[in-house]
Each structure stands twice: as C-alpha cells, then as structure tokens.
Amino acid sequence: MGIAIITGASSGLGREFALQLQRSGEVDGFLLVARRRERLLALAEELSNAEILSADLATMEGVRAFAAYLEEKRPRVRVFVAAAGFGKFGDYAHLSEDTVAGMIDLNVRALVLMTHRVIPYMEKGGYLITLGSASAFTPLPHFNVYAAGKSFVLHYTKGLRDEIAPLGLTATCFCPGWVATEFLAVAEPEAGVLYPQNPKPLLEAKRVVAYALRRARRGKTLAVTNWYTKLQHLLFKLLPDRVLTVLWRKTVLKEKKQKRA
Ligand SMILES: NC(=O)c1ccc[n+]([C@@H]2O[C@H](COP(=O)([O-])OP(=O)(O)OC[C@H]3O[C@@H](n4cnc5c(N)ncnc54)[C@H](OP(=O)(O)O)[C@@H]3O)[C@@H](O)[C@H]2O)c1
C-alpha cells in the first residue's frame, strides 16, 4: 500500500485529509508535517501507524529535515498532500518583508522542493495533491503575493502531471474557494488594510477534502470545489483580468477598521 505524507497536518485541510485517508483504508501509515508538535501528536493518536515531523517548512532547514527523514526511513509513499501554507492580506506597503518572503518560501519553494524529494519514493498508482486556491485563477491586488504564489502552484502542478505520468503517478491541484479553517484568522490584516470581510460562501473542510480526494483518485489535474468556485473559474477564463480586478476591489475588499478598546 504505502503511507500518506501530509504537510500542514496540524490544522484545517491537511488534518482533514489525514482523517479521510485513514477512513478510506488506502494507506498503511502516515507522516504528518507542520510546526505545532502537540497538534501533530494529538492527530497521530487518532490514526494508525502515524509518525510526525515538526518543522518550519518556510526555512531551508525545515525542508532539509524532511529530505533527511526520507533518506533515513525510505518509506513507500502512496499519497503526498502539500497543504502547508498561509496568506496575509495587505498590499506591498503593508506587508513586512518577512511575511512576503514567508508566503513565497512556504507556499511555493517548500511545496516544490518537497514534491521533488518525495516522488522517488512513490510507486505506480500513487498520487500527489498540491494546494492551490481559487485565487490562482486571477491577479488579486491586496492579496497579491499569496494569489500569485497559488497561480504558480497551479501551473507547476499541470506541468508536473506530464513529467510524472510515465511513472504511473498523477498530480492534482486542489483549488477551493474560502473554507472554514484557521486560514482566515491567520490572513487577518492590521487596521487600514483592504480585505474581504466575512468572505462567502464559506465551505466546509470535510466536503471539499472528500471532493479533492475523489478527483485525485480519478487522476484529475484540477479539483475546483462547489458551483460558485466553478463559475468563478469559468468567468476568470472568459473575462479580462482587468474586469475581475475591478470587481474584486469594488465588491469584495473593505477597509479593516481599528477595533475599539
Ligand atoms: N481555508 C481557505 O479558505 C483556503 C482556500 C484556498 C486554499 N487554501 C490553502 O489550503 C492550505 C491549507 O490551509 P488551511 O485552510 O487548512 O489553513 P490552516 O488551518 O491555517 O492550516 C495551515 C497549515 O499549514 C501549516 N503551516 C503554516 N506555516 C507553516 C510553516 N512555516 N511550516 C510548516 N507548516 C506550516 C500549519 O501548521 P503549523 O502552524 O502547526 O505549522 C497548518 O497545519 C494552504 O496552502 C492554503 O493556502 C485555503
């Protein structure tokens, strides 16, 4: 069978992938990766044969720790889910250099380097799921670096699909709309910054993960959740970027106000 390796397993979508893969019985173990060790340990107790790796994947040290784990344990990997990621609302002037670099280093660099490391341990019939986003489909000012990074992930996954096809492996880019996880709390900006307040529809992690797994098992390259996100996907293909950018600015973004003490 082989194990599932899941990054970002301490919360949200990554955690849900682990639970659903356990129930499906299609893997015989897990490697759970994220920073928060206690969360990983608690999840490992709910799964069978789960190991954890607590690492900051935004650093090269964290990525190398993952590579070292693979070299030492040489696991047979059936499923790889690259779910570790974060976004922060804010324009070029409001985001710190560390936050900008962190988004690129985690959402893009770590995802690519870890994927390349894990492929040699995967056998025919295995599949990879990369976390893109509906924000991968169009430029999003005030969420620009995050959205551009997800666009990279989408294109990268589509290209990878052809590279790994001869190995009998598939790659699926999972592009959900807003999902109820810790993501939005992490993305919350400081006062004076434009951002979408109470973004809707807010999807349920359980449902979107079940859908992503169905798509991945069928070897589909793209998993775009629910009718609303599918409609967005279609419109993004048909309408010029400029129109979408204006709509996003006018209808979605509101200024973050200072909370009264
Ligand atoms: N929720 C949404 O609306 C939404 C929509 C589209 C796409 N996505 C994408 O889905 C993925 C999962 O997000 P989520 O919604 O599940 O959010 P979440 O609940 O905040 O989970 C994010 C995960 O990433 C891990 N992570 C963050 N920084 C890390 C670091 N430096 N090193 C290692 N792990 C790190 C977190 O673990 P630790 O904090 O323990 O390290 C956590 O397990 C992300 O790639 C996100 O961009 C989310």
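Remarks
- Qualifying residue in region 42-65 (condition: more than 30 Å from Ala191 (Cβ to Cβ), more than 12 Å from the ligand (Cβ to nearest atom) and modelled with pLDDT under 95): yes
- Among residues of region 149-167, those that are polar (S, T, N, Q) and either farther than 23 Å from Glu16 by Cβ or in a loop (DSSP other than H, G, I, E, B) (or both), counted: 1
- Considering (1) buried (at least 16 other Cβ atoms within 10 Å of the Cβ); (2) more than 13 Å from the ligand (Cβ to nearest atom), the lone condition that Lys237 does not fulfil carries the number (1).
- Residues in region 80-104 that are away from the ligand (no atom under 15 Å from the Cβ) and in contact with a His (Cβ under 8 Å, 6 or more places away or on another chain): Gly90, Asp91.
- Scanning region 234-261 for residues that are hydrophobic (A, V, I, L, M, F, W, C) and under 19 Å from Cys175 (Cβ atoms) yields Leu234, Leu235, Phe236, Leu238, Leu239, Leu244, Leu247, Trp248, Val252.
- Residue match in region 226-240 (condition: in a strand (DSSP E or B) and under 20 Å from the mean Cα position of the chain (by Cα)): no
- Some residue of region 131-139 being assigned to a strand (DSSP E or B) and either among the β-branched types (Val, Ile, Thr) or surrounded by 17 or more Cβ atoms within 10 Å (Cβ to Cβ) (or both): yes
- Among residues of region 135-153 that are at negative phi and among the polar types (S, T, N, Q), those with a Cβ under 6 angstrom from a residue that is surrounded by fewer than 21 Cβ atoms within 10 Å (Cβ to Cβ) and at pLDDT below 95, sequence gap 6+ or separate chain, pair up as Thr138/Phe236; Thr138/Asp241; Thr138/Leu244.
- Filter pass, Tyr156 being under 18 Å from Ala83 (Cβ atoms) and surrounded by 23 or more Cβ atoms within 10 Å (Cβ to Cβ): no
- Members of region 24-36 found to be more than 8 Å from the ligand (Cβ to nearest atom) and either within 21 Å of Phe86 (Cα to Cα) or of a type in the set (Asp, Glu) (or both), listed by number: Glu26, Asp28, Leu31, Leu32
- Restricting attention to region 105-139, the residues that are within 12 Å of the ligand (Cβ to nearest atom) and either aliphatic (A, V, I, L, M) or touching a helix residue (DSSP H, G or I) at 6+ places or on another chain (Cβ under 8 Å) (or both) add up to 16.
- Note on region 168-202: residues that are under 15 Å from the mean Cα position of the chain (by Cα) and either in a strand (DSSP E or B) or farther than 20 Å from Phe236 by Cα (or both) total 13.
Listed here are the residues, each with its yes/no results for (1) under 25 Å from Arg15 (Cβ atoms); (2) surrounded by 18 or more Cβ atoms within 10 Å (Cβ to Cβ); (3) in contact with a helix residue (DSSP H, G or I) (Cβ under 7 Å, 6 or more places away or on another chain).
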site	(1), (2), (3)
Glu182	yes, no, yes
Ala212	yes, yes, no
Thr245	no, no, no
Lys250	no, no, no
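- The condition (being more than 9 Å from the ligand (Cβ to nearest atom), under 21 Å from the mean Cα position of the chain (by Cα) and buried (at least 17 other Cβ atoms within 10 Å of the Cβ)) is satisfied by just one residue among Leu13, Leu21: Leu21.
The values are calculated or read from the model by the stated rules, or taken from the named source; none is laboratory data. Computed from a predicted model, the values in this text were never measured in an experiment. Positions of Cβ are generated from backbone atoms using ideal geometry, with glycine treated the same way; all protein chains shown enter the neighbour counts.
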